[in-house]
1. May I ask you to say which residue of 71, 41 is within 26 Å of residue 126 (Cβ to Cβ), assigned by TED's automatic domain parsing to the domain that holds residue 13, under 14 Å from the mean Cα position of the chain (by Cα) and surrounded by 12 or more Cβ atoms within 10 Å (Cβ to Cβ)?
2. Yes or no: residue 108 without any contact (Cβ under 8 Å) to a residue 12 or more places away in the chain and either exposed (fewer than 14 other Cβ atoms within 10 Å of the Cβ) or closer than 17 Å to residue 144 by Cα (or both)?
3. Out of all the residues in segment 25-43, which are outside any helix (DSSP H, G or I) and touching a residue at least 12 places away in the same chain (Cβ under 8 Å)?
4. Within segment 44-56, can one find any residue that is under 14 Å from residue 23 (Cα atoms), assigned to a loop (DSSP other than H, G, I, E, B) and either modelled with pLDDT of 95 or more or more than 17 Å from the chain's Cα centre (by Cα) (or both)?
C-alpha cells in the first residue's frame, strides 16, 4: 500500500516510512496536485482537510486526530497494515529504500562510539544519511507494538 500525505501530516508520513510504507509528503502542493499524484501513482490520500477528504477521485482517509500516535493508529487500523519485515526499510526523511552498507565503509562518517557499538548499518542513497539498529529502534518497535495491540 502506498500513501500520499498532505501538508498537515508530515510526522505521520515519517512514521509510515519507518513502518516500511511508501509515503510521499509535500508541503507545498495544492489539493488538485495531490489528487493528480495520488491517481498517477495509485496512492491513498491521507489528509486532515475535510474539503479535500470529500474528493471521490482517489481513495482518501480523513485523519481525525492531531496527535501523531493516534493518527498512526487510525491508519494502521483502517487499512489493517502489517508491521514486520519492512520495518526500518525506508528513509524516514525522504522515503527512499535504505541499502545495507558495510561497517568499514562508514567508519569516518559516524561517531566512533557508534562504530564500535553496532555492527549493522544502512544508508539512504538519496539523502546520504546513515542508520543503525540502536536503542531508538527498540523504542520505536515498542511504540509500534503498543499502537497495534
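1. Details: 41 fails: under 14 Å from the mean Cα position of the chain (by Cα).
After applying the criteria, what remains is 71.
2. On the way: without any contact (Cβ under 8 Å) to a residue 12 or more places away in the chain: yes; either exposed (fewer than 14 other Cβ atoms within 10 Å of the Cβ) or closer than 17 Å to residue 144 by Cα (or both): yes.
Here the answer is yes, as residue 108 does meet what is asked.
3. From segment 25-43, those outside any helix (DSSP H, G or I) are 25-30, 42-43; that's our starting set.
Of everything in segment 25-43, those that are outside any helix (DSSP H, G or I) and touching a residue at least 12 places away in the same chain (Cβ under 8 Å) turn out to be 25, 26, 27, 28, 29, 42, 43.
4. Residues of segment 44-56 that are under 14 Å from residue 23 (Cα atoms), as a first pass: 44-47.
Of the ones still in play, those that are also assigned to a loop (DSSP other than H, G, I, E, B) are none.
No, segment 44-56 contains no residue that is under 14 Å from residue 23 (Cα atoms), assigned to a loop (DSSP other than H, G, I, E, B) and either modelled with pLDDT of 95 or more or more than 17 Å from the chain's Cα centre (by Cα) (or both).
The values are calculated or read from the model by the stated rules, or taken from the named source; none is laboratory data. Here the structure is a predicted model, which is why all the values come from computation and not from measurement. Using ideal geometry, Cβ is built from the backbone for each residue, glycine included, and neighbour counts are taken over all protein chains shown.
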